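What follows is a single structure, written as structure tokens, with notes after it.
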Amino acid sequence: MAIRTDAPTRREQILKEAARLFAERGFHGVGVDEIGAAVGISGPGLYRHFPGKDAMLAELLVGISGQLLTGAKRRVQEAGEGCAPGDVLDSLIEGHIDFALDDRPLITLHDRELDRLRDSDRKLVRQLQRQYVELWVGVVRELYPELAEPAARSAVHSVFGLLNSTPHLGRRGSLPGRGATAELLHRMARGAFAAAESPELG
């Protein structure tokens, strides 16, 4: 994910706190007043930014799916033609690790609350996710041309499961440090893709 240098907007502050609270206590366990208090405004004041909690949840889950896809497309484009497929895959892995380490509440939200979205929003999330997966599949198959498409897709989903395990790694203070954790996750992801090249999976 790109690193922001400007201060977050009030809307972004609300979404960040809503994600944290929803992940900690569940969507129905958090009231609008609590979200407002977390950003220093009254609960009713939130309605100047969002019509309700459902809208916050939809923007969080649709938004992160769109950001992941946009970021991945940018990384592939920036690599350009002639770039080694391994370098492109490394860049994609780095981008997803940034998400997995910096947006852990959103992973929890996706796992627990996706079914609470309206059908149209849930379908949009799924559509964006499919495009994200297929972009990865294309890069993986460039690096491992002997890997059949179904196996490559299974490998991509498996690596996402590995990288998205960060909410279960313990509290932030119990991890070995962001840099070391990112390096470990990267090595494990590349190892998983290399293992998928096994003829039995082709």
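Name, by its number, the condition in (1) open to solvent by less than 30 Å² (accessible area, probe 1.4 Å); (2) in contact with a Pro (Cβ under 8 Å, 6 or more places away or on another chain) that does not hold for GLU142.
(1)
Kindly provide the set of residues from the range 80-130 that are open to solvent by less than 40 Å² (accessible area, probe 1.4 Å), without any contact (Cβ under 8 Å) to a residue 60 or more places away in the chain and among the small types (Gly, Ala, Ser), ordered by number.
Once the filter is applied, which keeps residues that are open to solvent by less than 40 Å² (accessible area, probe 1.4 Å), without any contact (Cβ under 8 Å) to a residue 60 or more places away in the chain and among the small types (Gly, Ala, Ser), the range 80-130 yields GLY80, GLY86, SER91.
Restricting to the range 116-173, give me the number of residues that are more than 23 Å from LEU89 (Cα to Cα) and outside any helix (DSSP H, G or I).
5
Would you be able to tell me the number of residues in the range 50-79 that are among the polar types (S, T, N, Q) and free of Cβ contacts under 8 Å to residues at least 24 places away in the same chain? Steps first, please.
So the first thing to find is which residues in the range 50-79 are among the polar types (S, T, N, Q), and the list is 65, 67, 70, 77.
Okay, now just the ones that are also free of Cβ contacts under 8 Å to residues at least 24 places away in the same chain, so 70, 77.
Going through the range 50-79 one residue at a time, the tally reaches 2.
Can you say whether ALA7 is modelled with pLDDT under 85 and either in a loop (DSSP other than H, G, I, E, B) or touching a Pro at 6+ places or on another chain (Cβ under 7 Å) (or both), as far as the supplied structure shows? Before you say what the answer is, go through the steps one by one.
Numbers: modelled with pLDDT under 85: yes; either in a loop (DSSP other than H, G, I, E, B) or touching a Pro at 6+ places or on another chain (Cβ under 7 Å) (or both): yes.
When the stated conditions are applied, ALA7 passes them.
Collect the residues in the range 35-83 that are hydroxyl-bearing (Ser, Thr, Tyr) and in contact with an Asp or Glu (Cβ under 8 Å, 6 or more places away or on another chain), keeping them in residue-number order.
Kept after step one, since they are hydroxyl-bearing (Ser, Thr, Tyr), are these residues of the range 35-83: 42, 47, 65, 70.
Hit for the range 35-83 is SER42, nothing else.
Of all the residues that make up the range 35-48, how many are within 11 Å of ARG10 (Cβ to Cβ), open to solvent by less than 60 Å² (accessible area, probe 1.4 Å) and not in a helix (DSSP H, G or I)?
Of the residues in the range 35-48, 1 are within 11 Å of ARG10 (Cβ to Cβ), open to solvent by less than 60 Å² (accessible area, probe 1.4 Å) and not in a helix (DSSP H, G or I).
The values are calculated or read from the model by the stated rules, or taken from the named source; none is laboratory data. Just so it is clear, the model here is predicted, and its values are computed rather than measured. All Cβ positions, glycine included, derive from the backbone under ideal geometry; neighbour counts span all protein chains shown. Only protein heavy atoms, including side chains, enter the accessible area calculation; ligands, DNA and RNA are left aside. Shrake-Rupley method; radii C 1.70, N 1.55, O 1.52, S 1.80 Å.
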